[in-house]
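Trainee: Supplied in structure tokens, the structure appears directly below.
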Amino acid sequence: MKRGITVFLSVGALVTVGYFTVSKWAIRHESFTFYDPDRDNRPVAVDIAIRRDKQMQADAGMIKLPVVVFSHGNTVKSTEYSFINNVFAAHGYMVLSIQHDLPTDPPMVTKPGEPYVGRLPQILRGVANIKFAVQEMQKVKPNADYDHLTVVGHSMGGDITMYFAKQYPDEVKKVVTLDNLRVPFITSGKFKILSFRSKDPQFKTDPGVIPSDEECEKLGITVVKTTFQHNDMRDTGSEEAKASIQGMLDKFLADTDSEEAAKPVEASTPTTLDLEPVAPYVPVGKEAKAANILTH
């Protein structure tokens with residue numbers, strides 16, 4: 001796949017067949033709720049999607065599962081993105097879809113002039129949820145690679161995703177966003193970025209979020225300009241929109257996974273990034289209560 005190109009994607013341009021069928025028999029879902037004692041026992045729900053055969057191989061110690069962390073949009077449930085998460089699961093990833101919002105959380109208010117127009121507190125809460133959920137998942141599913149995450153998110157979840165990758169670049173190997181609007185793309189070139197953009201007059205990307213075409217070409221950033229609405233990028237979207245996004249994501253994973261498999265192991269080098277002057281996340285204690293474990 002050509003690196004850093006801008007792709008113009010129209011409805012029906014790509015068709016992916018079989019993810020619905022695969023999800024019915026091959027992909028297992030499991031739900032956990034963890035309680036963070038350092039944030040007043042805040043519940044952090046995680047829905048897991050994983051191929052049954054890959055789970056058995058991991059349980060037998062034959063493989064370490066690659067891990068995806070998915071972050072949902074504002075006020076949207078973490079379980080409303082199965083069409084995306086099934087693609088990752090079909091490729092052999094264990095997907096952790098984290099519920100960031102709670103009914104008791106105050107509403108998000110736009111405040112012009114403040115960092116990310118006042119969304120920074122919610123972004124930091126999302127980062128804290130990711131760090132806590134990953135820590136707890138290591139106790140439940142130890143045979144997975146939590147040191148090299150693929151982070152994915154839609155809208156506000158895409159901003160959380162990009163901010164997490166900005167603060168923890170050594171813990172991230174790929175970034176995928178669906179119409180994140182506030183947090184600028186990372187331009188360190190440390191990992192591949194794929195971003196789907198809507199054509200929606202109600203959801204405008206802030207200036208400076210998306211790098212120029214020249215920067216994208218140089219840094220391995222793929223921008224997919226779609227004809228879809230912002231809210232088409234979840235399970236409630238049209239079948240054409242979902243199939244098109246699945247097709248491009250499938251190709252991105254096939255190309256990047258093969259590149260990573262062929263790449264020799266290199267020693268990591270320190271990276272200096274321009275971070276916001278804020279604490280990265282709320283400290284997490286050693287013990288957390290895991291409850292409400294469900295399978296379906």
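Trainee: When the residues of the range 50-77 are narrowed to those that are part of a loop (DSSP other than H, G, I, E, B), touching a Gly at 6+ places or on another chain (Cβ under 9 Å) and open to solvent by 10 Å² or more (accessible area, probe 1.4 Å), which ends up nearest to ARG182 (Cα to Cα)?
Mentor: ASN74
Trainee: Being of a type in the set (A, V, I, L, M) and buried (at least 20 other Cβ atoms within 10 Å of the Cβ) is the filter here, so list the residues in the range 84-123 that pass it.
Mentor: ILE84, VAL87, ALA89, ALA90, MET94, VAL95, LEU96, ILE98, ILE123
Trainee: Would you point out which residue out of ALA279, ALA290, ALA243 is touching a Leu at 6+ places or on another chain (Cβ under 9 Å) and at pLDDT below 90?
Mentor: ALA279 is the lone residue from the list that is touching a Leu at 6+ places or on another chain (Cβ under 9 Å) and at pLDDT below 90.
Trainee: So, of the residues in the range 175-205 that are open to solvent by 20 Å² or more (accessible area, probe 1.4 Å) and within 18 Å of VAL68 (Cα to Cα), which turns out to be nearest to the chain's Cα centre (by Cα)?
Mentor: LYS192
Trainee: Quick one: what pairs do we get from the range 106-126, first residue part of a helix (DSSP H, G or I), second among the charged types (D, E, K, R) and open to solvent by less than 40 Å² (accessible area, probe 1.4 Å), C-beta under 7 Å, 6+ apart or different chains?
Mentor: As it stands, the answer is TYR116/ASP159; ILE123/ASP159, since those pairs meet every condition given.
Trainee: For the range 160-174, name all the residues that are buried (at least 19 other Cβ atoms within 10 Å of the Cβ) and in contact with a strand residue (DSSP E or B) (Cβ under 7 Å, 6 or more places away or on another chain).
Mentor: Residues satisfying the conditions are ILE160, THR161, MET162, PHE164, ALA165, VAL172, LYS173, LYS174.
Trainee: Among all residue pairs at least 6 apart or on different chains, which show Cβ distances below 6 Å where the first residue, located in the range 46-60, is closer than 23 Å to THR79 by Cβ and free of Cβ contacts under 8 Å to residues at least 40 places away in the same chain and the second is open to solvent by 50 Å² or more (accessible area, probe 1.4 Å) and assigned to a helix (DSSP H, G or I)?
Mentor: The qualifying pairs do not exist here.
Trainee: May I pose another question? Can you find even one residue in the range 132-153 that is within 29 Å of LYS199 (Cα to Cα) and in contact with a Phe, Trp or Tyr (Cβ under 6 Å, 6 or more places away or on another chain)?
Mentor: yes
The values are calculated or read from the model by the stated rules, or taken from the named source; none is laboratory data. This is a predicted model, so every value here is computed, not measured. Positions of Cβ are backbone-derived with ideal geometry, glycine not excepted, and every protein chain shown enters the neighbour counts. The area values use the complete protein model at the heavy-atom level, side chains included, leaving out ligands, DNA and RNA. Shrake-Rupley method; radii C 1.70, N 1.55, O 1.52, S 1.80 Å.
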